[in-house]
Amino acid sequence: MSIIGIVSMKGGVGKTSTTANLAAALAAVLGPNRVSVIDLDPQDALHWHFGVDSKAGACKQAVRGGDWSGAIVESQYDVQCLPYGRASESEREAFEELLSQDAGWLGQQLEDAGLGDEGIVLVDVPPGPSVYLKQVFACADLILIVLLADAGSYATVPSMESWLKDMSVLRPELNSFYVLNQVDRTQVLNRDVTELLQGHLGARIAPICIHHDEVVREALAFRQPVVAYAPHGQASKDIAQLAAWLIDNLSP
Ligand SMILES: Nc1ncnc2c1ncn2[C@@H]1O[C@H](COP(=O)(O)OP(=O)(O)O)[C@@H](O)[C@H]1O
Ligand SMILES: [Mg+2]
């Protein structure tokens, strides 16, 4: 199994959209029963991209002491989805307490969930440092850091880099790449920041960026991954290429 963590310091950069859309693009290539998404963000938004229900979910199931296999929902896009689920404040606190006490909890849970040796699991987490991010970092094979080509995202790079450096003491073998999202080459500032980031981060930026494309928002409104909603749009093309690049990077 390969575990990919989708992270960022800032919210609203497109972590959840990228997780969902990339998963659907991976499943379109790899076929059924190979790709799963796990929502570890209490916002509980990931399931919306697949049009599946979120009553049960990772949080409640964990607090009850059950394994996750019973709460994973099969979507019509060949992606298995585990929503964060609707949870009370006390359930969320109990879940976070559990995660803070056992650094290897997520890795073990994913092993036990029966997602298959050949499976690819994408995990969405809240922005910034959290118990969820720590868990993902402890078991991931690859971390994708989503950035916008704007000053706000640019400003977060030093803290993300120093955090990755600290974490690399524990996991020196862990790979991480930055992914630029909502790139718009018609905007001067967007173009300038893209170049600045590429100059600064070099090969640490994935070679494919995701362009700004209104159909990403529309697809969400229709509760579909963008690759299903608008397969020939720019964002879908970018995401399909990113998925192919990922498959190459995950291959041993
Ligand atoms: N490439 C894109 N083009 C246009 N809109 C996008 C793109 N990626 C994400 N969005 C929109 O940006 C908003 C924030 O995305 P979201 O995935 O929820 O971010 P995060 O999970 O980082 O908070 C959503 O409305 C989403 O539809
Ligand atoms: Mg999100």
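The values are calculated or read from the model by the stated rules, or taken from the named source; none is laboratory data. For clarity, every value in this text was computed on a predicted model and none was experimentally measured. When we count neighbours, we look across all protein chains shown, and the Cβ atoms used for this are built from the backbone with ideal geometry, even at glycine. Please note that ligands, DNA and RNA were not included when accessible areas were found on the heavy atoms of the full protein model with its side chains. Shrake-Rupley method; radii C 1.70, N 1.55, O 1.52, S 1.80 Å.
Tabulated data for the structure shown
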| item | result |
| --- | --- |
| Residue that is surrounded by the fewest Cβ atoms within 10 Å (Cβ to Cβ) [pool: residues in segment 77-92 that are within 19 Å of Phe222 (Cα to Cα) and not charged (D, E, K, R)] | Tyr77 |
| In segment 135-152, the residues that are more than 16 Å from ligand 2 (Cβ to nearest atom) and assigned to a strand (DSSP E or B) | Leu142 |
| Test: residue in segment 94-107 that is at pLDDT below 95 and farther than 20 Å from Trp163 by Cβ | no |
| Boolean, Leu106 is within 16 Å of ligand 2 (Cβ to nearest atom) and either surrounded by 19 or more Cβ atoms within 10 Å (Cβ to Cβ) or under 17 Å from the mean Cα position of the chain (by Cα) (or both) | no |
| Residue among Ser36, Ser8 that alone is in contact with a Lys or Arg (Cβ under 9 Å, 6 or more places away or on another chain) and crowded, with 23+ Cβ neighbours inside 10 Å | Ser8 |
| Conditions (1) at pLDDT 95 or above; (2) open to solvent by less than 50 Å² (accessible area, probe 1.4 Å); number of the one not met by Ala71 | (1) |
| Pick from segment 109-132, criterion closer than 30 Å to Pro32 by Cβ and within 16 Å of ligand 2 (Cβ to nearest atom), ranking: surrounded by the fewest Cβ atoms within 10 Å (Cβ to Cβ) | Pro126 |
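Yes/no matrix, rows are residues, columns are (1) over 15 Å from Leu242 (Cβ atoms); (2) in a strand (DSSP E or B); (3) in contact (Cβ under 8 Å) with a residue 40 or more places away in the chain; (4) touching a Gly at 6+ places or on another chain (Cβ under 9 Å):
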{"residue": "Gly11", "(1), (2), (3), (4)": "yes, no, yes, yes"}
{"residue": "Thr18", "(1), (2), (3), (4)": "no, no, yes, no"}
{"residue": "Asp44", "(1), (2), (3), (4)": "yes, no, yes, yes"}
{"residue": "Lys55", "(1), (2), (3), (4)": "yes, no, no, yes"}
